[in-house]
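The values are calculated or read from the model by the stated rules, or taken from the named source; none is laboratory data. Everything quoted here is computed from the prediction, not taken from an experiment. Don't worry about glycine lacking a Cβ; one is built from the backbone with ideal geometry, like all the others, and counts go over all protein chains shown. Accessible surface areas use protein heavy atoms only, side chains included; no ligands, DNA or RNA. Shrake-Rupley method; radii C 1.70, N 1.55, O 1.52, S 1.80 Å.
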Amino acid sequence: MALSTPSIFEHLTAAFPELTLAHDEAAPCIIVPAAGIKDVCLQLRDHPDTAFDFLMSLSGIDFADGTLGVVYHLASMTHKHKLTLKVVVPKDAPHVVSVEKVWRTADWHEREAFDLYGIVFDGHRDLRRILMPYDWEGHPLLKDYEVPEFYNGMKVPY
Amino acid sequence: MADLKENIAEHIESGRLKTDELILHMGPQHPSTHGVLRLELVLDGEIVVKVIPHLGYLHRCFEKHAEAMTYPQVIPYTDRLDYLASMNNNHGYVLAVERMLGIELPERVEYIRVIMAELQRIASHLVAVGTYGLDIGAFTPFLYLFRDREYILDIFEKTCGARLLYNYFWVGGLSHDVHTGFEKEVGDFVKYFRPTLTEVNTLLNYNKIFVQRTANVGVLPADVAISYGCSGPMLRGSGVDFDLRRDDPYSIYDRFDWKVIVGDGEVGTLGDCWDRNMVRMKEMAVSCDIIEQALASFPEGDVTTALPKRIRPPKGAEQYARVENPRGELGFYVVSDGTANPFRVKCRAPGFVNLSVIDEISQGHLISDLVAILGSIDIVLGEIDR
């Protein structure tokens, strides 16, 4: 049976009282603390009522107020319902627990968020850059990112 | 001496004695990587032990660019993500923005979008199947399929003036109406095209050599496919009955009578390369069904009435829209901060996610099988590297 975000939230708060529900009619989501995201995801994946077996997308985001975020879009193949989870971390210590062992697809998504935002996923087995060159400095999608003048002796803004 | 040789062979077979592993780089300039992709192969003789893909050769910061553009200005950039399926890319992005703005589209726009998207799906699958034959060593089907793709590109060219990168779907409508005689041309094409599918099946898909190269190769079990986030023909080839056009309906696909194609392990194991390729073949026929039904009830009307004068979604609005691209689930996560530029555009590219499974399904195969596996994933580097 397809569940709405508020009912999934009620489902979860029994085991995880630290979650909050963002009340937004158009795009409701559940805010999860950075350290607890993996346990929440495991519960969401393994409980037969939720059965979120498909991670659609994992996006980093820079809120431009000193915090970074990770947004998880989940879907269930069996129940056909969807859910959005959000994690907010301070920009100077962006650590989030990796969900790569929950859904294998999170591996590359987390590498991308690390590459472009510098968010560190603790427990990821192979956290390397994926789109930018391995020796690139800085994380380009940050709002305060400045393009370096040179990369390996080549002028960057050509 | 003969004894010693037998002994060594026995040791190797039992796994007690291993030959040295060899690291070989396939790409970035390699004909069967379908673009600039580098695969680092760890080999034991000719057996693949591990595949480490290195991406980013085509990275051009699409998401960073999008933040510096207004909402409509992003659409041409989405054309260039998956350059074989530009219509579908436009569709995903404009759908996300339209949902943020709450726009109701005129009937005619929805019909044209569905017809265009399905024509594009056929064009994209024609390239996929054609180049897949090329990877395996069959040159002729490639020419047959590219010939038919030209007819579709001609129709697109007449409507949009462009053959590959259209910028045709706009937020709230289309850039302009279709050209005169569009319905007849599309109808004629579908009638002409159906026999080609049978022809290609005889020529390629049931060809003994092709079957031997692709059946039982790169078997992807359904649970692994779901865990890796595979979508599109990759997922359906593994027997999972899931298609966004039906299971997360958008546009007007729910009005038509069509069925989701699922792999069935006809000549080998369920989820092998042959199944993935066959799903694409059969999906082209399904697209023809949808187009014919859409043409039968094609409404008149103006396509520009819902185009908004000013595109500024409310502050804090966000939307994750997903559409069934020829390669799988194309998702756009768009966040607004109330200005004319999007605050964040994230593109969930199906090729990027599908490619991540390659290590899992290539282990233990020969290098030549790896070519068959990579071809069956049907990657487009433009969307993987973004």
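With respect to A:Leu131, determine if the residue is touching a residue at least 60 places away in the same chain (Cβ under 8 Å), in a loop (DSSP other than H, G, I, E, B) and open to solvent by less than 10 Å² (accessible area, probe 1.4 Å). In short, no. Would you please name the residue that is most open to solvent (accessible area, probe 1.4 Å), looking only at residues in the stretch B:247-304 that are in contact (Cβ under 8 Å) with a residue 60 or more places away in the chain and charged (D, E, K, R)? For the stretch B:247-304, the residue satisfying everything is B:Glu300.
The rows are residues; the columns are (1) outside the structural domain of B:Glu324 (by TED's automatic domain parsing); (2) more than 30 Å from B:His365 (Cβ to Cβ); (3) in contact with a helix residue (DSSP H, G or I) (Cβ under 8 Å, 6 or more places away or on another chain).
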| residue | (1), (2), (3) |
| --- | --- |
| B:Leu204 | no, no, yes |
| B:Thr214 | no, no, yes |
| B:Gly229 | no, no, yes |
| B:Ser238 | no, no, yes |
| B:Asp241 | no, no, no |
| B:Ser251 | no, yes, yes |
| B:Val262 | no, no, yes |
| B:Gly265 | no, no, yes |
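All of B:Val178, B:Val127 fail the test of being in a helix (DSSP H, G or I) and either open to solvent by less than 40 Å² (accessible area, probe 1.4 Å) or over 27 Å from B:Trp274 (Cα atoms) (or both), apart from B:Val127.
Scanning the stretch A:84-102 for residues that are within 11 Å of chain B (Cβ to nearest Cβ) and either aliphatic (A, V, I, L, M) or surrounded by 22 or more Cβ atoms within 10 Å (Cβ to Cβ) (or both) yields a count of 2.
All told, A:Arg45 meets the bar of being within 11 Å of chain B (Cβ to nearest Cβ), more than 21 Å from B:Pro350 (Cα to Cα) and under 16 Å from the mean Cα position of the chain (by Cα). Only strands (runs of 3 or more DSSP E) whose full extent lies in the stretch B:272-377 are considered here, and the ones with at least 3 residues that are in contact with a Gly (Cβ under 7 Å, 6 or more places away or on another chain) are B:318-325, B:328-336. When the stretch A:80-119 is limited to residues that are touching a Ser or Thr at 6+ places or on another chain (Cβ under 9 Å) and in a strand (DSSP E or B), the one that is farthest from B:Ser231 (Cα to Cα) turns out to be A:Pro90. Select from the stretch B:202-245 the residues that are exposed (fewer than 15 other Cβ atoms within 10 Å of the Cβ) and not in a loop (DSSP other than H, G, I, E, B) and list them in ascending order. Hits for the stretch B:202-245 are B:Thr202, B:Lys208, B:Ile209, B:Gln212, B:Asp223. One residue stands out in the stretch A:104-158 among those that are under 13 Å from the mean Cα position of the chain (by Cα) and farther than 21 Å from B:Asp359 by Cβ: the one that is farthest from the other protein chains (Cβ to nearest Cβ), namely A:Asp122. Flag set for A:Phe54, criterion: among the hydrophobic types (A, V, I, L, M, F, W, C) and either at positive phi or open to solvent by less than 40 Å² (accessible area, probe 1.4 Å) (or both). Selection of the stretch B:302-326 for residues being away from every other protein chain (no Cβ under 14 Å), in contact with a helix residue (DSSP H, G or I) (Cβ under 7 Å, 6 or more places away or on another chain) and under 14 Å from B:Arg113 (Cα atoms) yields only B:Val303.
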